[in-house]
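Read-outs: derived from the displayed coordinates by stated rules, not from any lab. In this text, all values refer to a predicted model and were calculated from it rather than measured experimentally. Every residue, glycine among them, receives a Cβ derived from its backbone with ideal geometry; neighbour counts consider all protein chains shown.
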Amino acid sequence: MKLFVACFAIITLATNCNSKKTALNNSKENTSQQNEVTISYSAHTRGFYQKLIVKKNSLTLFKDFEKTNAISSSIDDKDWNECLRLLENINLKTLPNLKSPTNYRQFDGAPHAQLSVIQKGDTIQSSGFDHKYPPTELKPLVEHILSLQEE
């Protein structure tokens with residue numbers, strides 16, 4: 001009986017130590033993933049849909065609501081660094097409260113647009129604004145993102 005208890009204790013301790021190592025490795029991977037930044041810009045109205053997702057080395061464009069036909073392209077480090085620089089100039093805490101300078105979207109005069117930033121595992125979304133008429137704080141970043149798709 002003592003032999004059985006001793007073997008059980010050794011096996012339990014060995015598996016506990018191994019699971020802690022796995023948990024530490026997983027948390028390091030999650031931390032590195034959380035440091036990545038993703039910027040998403042979407043605009044839509046009846047008959048129009050556009051979503052741009054900008055990551056470190058890629059730009060993905062969707063032109064349909066179902067998001068079935070993705071158009072992917074790579075972006076230069078220079079363009080990505082410009083996105084990050086422009087993002088630093090924005091206070092992300094106030095992003096949801098920014099006011100739109102125009103209201104054309106209320107009567108289908110412009111598509112409804114929204115900017116989202118995923119950073120450190122948090123998603124921060126702006127309030128709605130007119131496509132190509134963002135709040136002044138977002139204007140440089142939105143214009144840069146829209147220019148990336150045209151290149």
Filter result (in a strand (DSSP E or B), aliphatic (A, V, I, L, M) and either farther than 17 Å from PRO140 by Cβ or without any contact (Cβ under 8 Å) to a residue 24 or more places away in the chain (or both)) within the range 81-124: ILE118, ILE124
Residue among GLN114, GLN119, GLN106, GLN125 that is of a type in the set (S, T, N, Q) and crowded, with 17+ Cβ neighbours inside 10 Å: GLN114
